[in-house]
Amino acid sequence: MAKKPNKVIITCAVTGAIHTPTLSDALPYKPADIAKQAIDAANAGAAILHLHARDPERGAPTGSPDVFSQFLPQIHDTTDAVINLTTGGSPDMTVEQRLAAALRFKPEMCSLNMGSMNFSFHSMGGKIEEWKFPWEKQYIQDSESFIFRNTFKDVARNYELMRDFGTRFEHECYDIGHLYNLAYFIDRGLVKPPFFIQSVFGILGGIGADPENVTFMRMTADRLFGNDYVWSVLAAGKHQMPLITQAAMMGGNVRVGLEDSLMISRGKLASSNAEQVTKIKRILEELGLEIATPADARQILGLKGKDQLKFS
């Protein structure tokens, strides 16, 4: 069974690459806004900040290290939060584009998707008639044909390229088979405990956002990994708060953020990432759970430490 932490780690995924600016005015895409929302989320209780970059002019996802450099130093200098950079980028980026920022900045953590999959959000925004930017509508519609590439060779390359930097991974598992993919890399000696598993629910193309699936994912991970892993859950859209609360009650950690859901409650858009962090922190504390600090998260996950980073 996974190590049951005394404290719950809250991760906040600040902007992502799926939602587009028209879908919510709160979604940050300019570097100054990404920095501010990340800092506010950390101040609200997020121990880990999962970060993507966006084109500052159009709001479209980008893997450019130069754009990351416009907000990473401020976040690093202002907070103690663990900075976790994406290597997933967006489903329409090349593997090289997705890895560029991680290779340049060598963060404490990176995300790592554990398998290729259909990844669609083509029904999103179906009622919108006017878009802020011309690319948005087509990007959403085109996702019906997206195949999010994460082959065994791609995953192994991530491990090998980041190995000498002391970077550890948030292993994003969108289905049960992804757990078995992770087990394969453990058997190859490319992953050492304690490893962090982020179970993902509710993406079209991945496992459904059902409470029974949360339990099944946890049971499968326990069977495969015993005490060697740290477990967390994220859920898309309206499923966010119910499923991550369930996970916390099962001894897991949680992830919120506008990457995963634009909502704060039924029919109401969140005003910021910090609002979501504040809400889940309140729920967890009312359940009698203690919130992990960034120092706690570093100790639980065996991270190299903020002092090892240089983002300027």
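The values are calculated or read from the model by the stated rules, or taken from the named source; none is laboratory data. Note that the structure is a prediction, hence the values are computed from the model and not measured. Here the Cβ positions follow ideal geometry from the backbone for every residue, glycine too, while neighbour counts run over all protein chains shown.
Key figures for this structure:
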{"item": "Selection within the range 141-151 - over 20 Å from the mean Cα position of the chain (by Cα) and either under 16 Å from Q97 (Cα atoms) or not hydroxyl-bearing (S, T, Y) (or both)", "result": "Q141, D142, E144"}
{"item": "Extreme residue, farthest from D260 (Cα to Cα), among residues of the range 210-222 that are surrounded by fewer than 20 Cβ atoms within 10 Å (Cβ to Cβ) and in contact with a helix residue (DSSP H, G or I) (Cβ under 9 Å, 6 or more places away or on another chain)", "result": "T220"}
{"item": "Complete set of residues in the range 98-114 that are of a type outside the set (F, W, Y) and either touching a strand residue (DSSP E or B) at 6+ places or on another chain (Cβ under 8 Å) or under 18 Å from S145 (Cβ atoms) (or both)", "result": "A101, A102, P107, E108, M109, C110, S111, L112, N113, M114"}
{"item": "The range 62-92, residues that are closer than 17 Å to R149 by Cβ, surrounded by 19 or more Cβ atoms within 10 Å (Cβ to Cβ) and not hydroxyl-bearing (S, T, Y)", "result": "G63, G88, G89, P91"}
{"item": "Leading residue by the ranking (farthest from the chain's Cα centre (by Cα)) among those in the range 37-93 that are acidic (D, E) and farther than 26 Å from K281 by Cβ", "result": "E57"}
{"item": "Strands (runs of 3 or more DSSP E) fully within the range 176-263 counting 1 or more residues that are hydroxyl-bearing (S, T, Y) and modelled with pLDDT of 95 or more", "result": "195-201, 229-235"}
{"item": "Cβ pairs under 7 Å, 6+ apart, first in the range 17-38 and in contact (Cβ under 8 Å) with a residue 60 or more places away in the chain and on the phi > 0 side of the Ramachandran plot, second in a loop (DSSP other than H, G, I, E, B) and surrounded by fewer than 19 Cβ atoms within 10 Å (Cβ to Cβ)", "result": "none"}
{"item": "Hits in the range 42-66 - residues which are in contact with a Ser or Thr (Cβ under 8 Å, 6 or more places away or on another chain), of a type outside the set (S, T, N, Q) and part of a helix (DSSP H, G or I)", "result": "A42, A44"}
{"item": "Contacts under 7 angstrom Cβ, first residue in the range 82-94 being farther than 15 Å from S120 by Cα and touching a residue at least 60 places away in the same chain (Cβ under 8 Å), partner among the charged types (D, E, K, R) and assigned to a strand (DSSP E or B), 6 or more apart", "result": "N84/E170"}
{"item": "Among the residues listed as I18, I34, the single one being modelled with pLDDT of 95 or more, outside any strand (DSSP E or B) and in contact with a Lys or Arg (Cβ under 8 Å, 6 or more places away or on another chain)", "result": "I34"}
{"item": "Identity of the residue in the range 247-300, in contact with a Pro (Cβ under 8 Å, 6 or more places away or on another chain) and among the aliphatic types (A, V, I, L, M), that ends up farthest from F196 (Cα to Cα)", "result": "L258"}
